[in-house]
């Protein structure tokens, strides 16, 4: 970091919802840049509080967007929690034959139907390691790029819910067939953080959305899903994305981002 | 609903436009937004003040007259447009402006205009695999639908202001992708490679209208190949109060239809056709 990039913008004070300790963070250019580059315009600043960590989310304007506490970060020792998913989990996957995801910072491993010999791709970023086996051949550069984006997004997520990471792998299964998909990072970010996010509908946008049903959204996404999102004032992202079918998870995540890009919904960090 | 009543109905939006502009002025006074936003707000407020008599007369003529459903839609969407405009002026947020465009295209008047244009497009470029340019539209619905139907490439051409908005460019890219057409978004200054090779040029809403109607003709003619089609939606803002409402977005007065027809000839178009839909007109012309 250059000294210029550390130029102090302002101090933000908030309180840890777990222990009540004051949290003081400096909002500098680097944090604002990170928020600007984040798909949903947020950057997380981690502060350790003994047996837990508090992450303060800052938006691109330097305002607080929520504080979330993660207890799993403080789990001691080398012990990993291993989630071995039954082979049936992969029944609706078209392209991924097996996977293992290791998250060192959460001391968590999620695996499904992957033998050591079956590893066709090994992607590492920071504390996240993803091994994949495929049902068919893909262009190596495409697979490598998409897996790279996914593992990078996983590494920056603090979700403790293995379902969020499973959803992200479901989406990878779908977009392997869409190598030109432009917004993979945004979709991956949304799903890998799904348990920590909620959707809040905005007025009057949600009302006008229901009434006029813009063609681009209602012709290209599941209308029933769009209306179900617009109909409730607030809902957890994880609940909205929940489905066994990879394509449904992908399509719903894409639809939520489309609504967010138009100001119909806000996506907020759940405290 | 008579044509005159459409114009009278636009005066009923003045109180909300006034409130919006007062709020913009107040916020810019607190350091939010630019000095240009404050200047615009002052100009619109002065115009509204000067038109008070016309507003009262229009309200009186509208009294007891049922407002047609299509005009109610226009009013409702336009009210949201004021909110979107305020957010754009004060915070530089474009996403609400994009949504305003998308809502506008779902009103009955626009749907009728689009249906009429689409049927003319199908007559002229039926079954071809050509190239379409849509000018300055954050939500290029007609362009991608025409592209999908005619299996044509769709080039979305933006002026600098629109092109430099990440939100707008991203959503325009979504349109191309979601309607499964081949295409791209390009900056106006970098679109010279398409000159003289385009079969259909489209413009439909505020961001295109802001370019001025002479420039739109000139740009369309520059892109179109001989026999290519210009398909556009234009506003009837030669009369108050739509004139003042659209000035809030920087749209200047459009020429009367007869003048538009003459101008079309001057810019090298023939077979000028027009159909009116309330406050809008769908026009088409063929490049000579």
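A short reminder: the numbers here are calculations on the coordinates, not readings from a lab. Just so we're clear, the structure is a prediction, and the values are computed from it rather than from any experiment. Note that each Cβ is placed from the backbone with ideal geometry, even for glycine, and that neighbours are counted across all protein chains shown.
Taking the criterion of being buried (at least 24 other Cβ atoms within 10 Å of the Cβ) and either away from every other protein chain (no Cβ under 14 Å) or under 15 Å from the mean Cα position of the chain (by Cα) (or both), the residues of segment A:253-271 that qualify are A:253, A:256.
When each of B:84, B:57 is tested for being more than 13 Å from every other protein chain (Cβ to nearest Cβ) and either in contact with a helix residue (DSSP H, G or I) (Cβ under 7 Å, 6 or more places away or on another chain) or over 22 Å from residue A:259 (Cα atoms) (or both), the lone residue that passes is B:57.
Across segment B:105-151, which residue is surrounded by the fewest Cβ atoms within 10 Å (Cβ to Cβ) among those that are facing chain A (nearest Cβ under 9 Å) and within 18 Å of residue B:279 (Cβ to Cβ)? Among them, the one singled out is B:106.
Can you report the number of residues in segment A:216-233 which are out of contact with any strand residue (DSSP E or B) (no Cβ under 6 Å at 6 or more places or on another chain) and away from chain B (no Cβ under 14 Å)? Going through segment A:216-233 one residue at a time, the tally reaches 7. Those helices (runs of 4 or more DSSP H) of segment B:205-288 in which 1 or more residues are within 18 Å of the chain's Cα centre (by Cα) and surrounded by 23 or more Cβ atoms within 10 Å (Cβ to Cβ) occupy B:206-209, B:213-223, B:242-247. Scanning segment B:152-177 for residues that are surrounded by fewer than 17 Cβ atoms within 10 Å (Cβ to Cβ) and either away from chain A (no Cβ under 14 Å) or in contact with a helix residue (DSSP H, G or I) (Cβ under 6 Å, 6 or more places away or on another chain) (or both) yields B:160, B:161, B:164.
Applying the condition of being in contact (Cβ under 8 Å) with a residue 24 or more places away in the chain and crowded, with 21+ Cβ neighbours inside 10 Å to segment B:83-98 and asking which residue is farthest from residue B:35 (Cα to Cα) yields B:98.
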